[in-house]
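As structure tokens, the structure follows; a few thoughts come after it.
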Amino acid sequence: LGVVKGYMGFTGVMGHEFVGRVLHGPADWKARRVVCEINCVCGRCERCTSGLSNHCPNRTVIGIDGHPGCFAEQIAVPVRNLHAVPDPVPDEQAVFVEPLAAAIQITRQVDIGRADRVVVLGAGRLGQLVARVLKHSTDDLLLVGRHEMKLQAAEKQGIRTAGSEQFSPNRDADVVVDATGSAEGFATAMQAVRPRGTIVLKSTVALGTEINLAPLVVDEITVVGSRCGPFPDALGMLAAGEVDPAALISRVMPLSGGPAVLDQARDPENLKVLVDVRR
Ligand SMILES: [Zn+2]
């Protein structure tokens, strides 16, 4: 939806979260069920050779920047981007590996202890996954969202929730994750985080609004930008049954649904809308 609004100025086939089967390629990959990292990198530059390949300046990004996406019957991708999906993990879960890895990335960037108070702002697709991952790290987790239905989906997973109206930020959270995709989210995060606490920015919205950054200085807040994460860890969590994102699927539509698929994804009543390219 961000790409439709003009994120990265992308034109072409959209879509970057998918599970598929290898049709053509090296013999050891043939017919295997796979998920695919979205950053297509050069493998030669300083960042690639120093372990920061997700930040390769020469990269294209599947369905987002310079590389055709997965809303298609077939897609060509670099072999090194592939990860085999373990047999017990069904397609309905494997398709979540990319955003799940992005959620796990938070735990790779920020040290979260069991006693830490963690607030996740935004109960949409990404916020739901972030909360499902972070509940394994802390005993004090709160997910804040606007839609009752989305909060209930999280409650069913044993996640404590609050409606945005009921939530009163109190500058007492050790870590606040902003997954709202809105400028207000960051403002709320600044009110919710304790002095010397950490704000994790998880949504790549271009902030058009003016924001007063003084509280970051006065309260010595650490702000962490967080994007793509480790696929093997996400596949591991799914295989171990530690997260079950399939409950987030609101509906499955055929690729021929075209723009109607996007309309459904835009509907706040729907969490995740899947596209079945076989239909
Ligand atoms: Zn590179």
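Since every read-out is calculated from the coordinates, none of them should be taken as a lab result. The model shown is predicted, which means the values in this text are computed figures rather than measured ones. Cβ placement follows ideal geometry from the backbone for every residue including glycine, while neighbour counts extend to all protein chains displayed.
For this structure, a couple of remarks:
- Alpha-carbon Rg with Dmax, taken over the chain, Å: 18.9, 58
- When the P(r) of region 43-199 is calculated, the portion above 23 Å amounts to 48% of the C-alpha pairs.
- Out-of-range pairs (alpha-carbon distance over 27 Å; input 30/135; 30/202; 5/156; 5/272): 30/135; 30/202; 5/156
- Taking the longest Cα principal axis of the chain as reference, the axis of helix 183-192 is set at about 50 degrees.
- Alpha-carbon gyration tensor eigenvalues x 5, square-rooted, for region 126-279, Å: 29, 19, 16
- Within region 126-214, the proportion of C-alpha pairs whose separation exceeds 19 Å stands at 38%.
- Percent of Cα pairs exceeding the 12 Å cut-off, where the set is region 18-61: 63
- C-alpha long axis of helix 125-134 to longest principal axis of the chain, angle in °: 70
- Orientation-averaged projected area, Cα convex hull of region 1-120 (nm²): 9.9
- Looking at region 44-85, the trypsin sites (Lys or Arg not before Pro) that sit in a DSSP loop and have at most 11 other Cβ atoms within 10 Å of their own Cβ are 44.
- Calculated over region 201-279: convex hull of Cα atoms, volume per residue (Å³): 176
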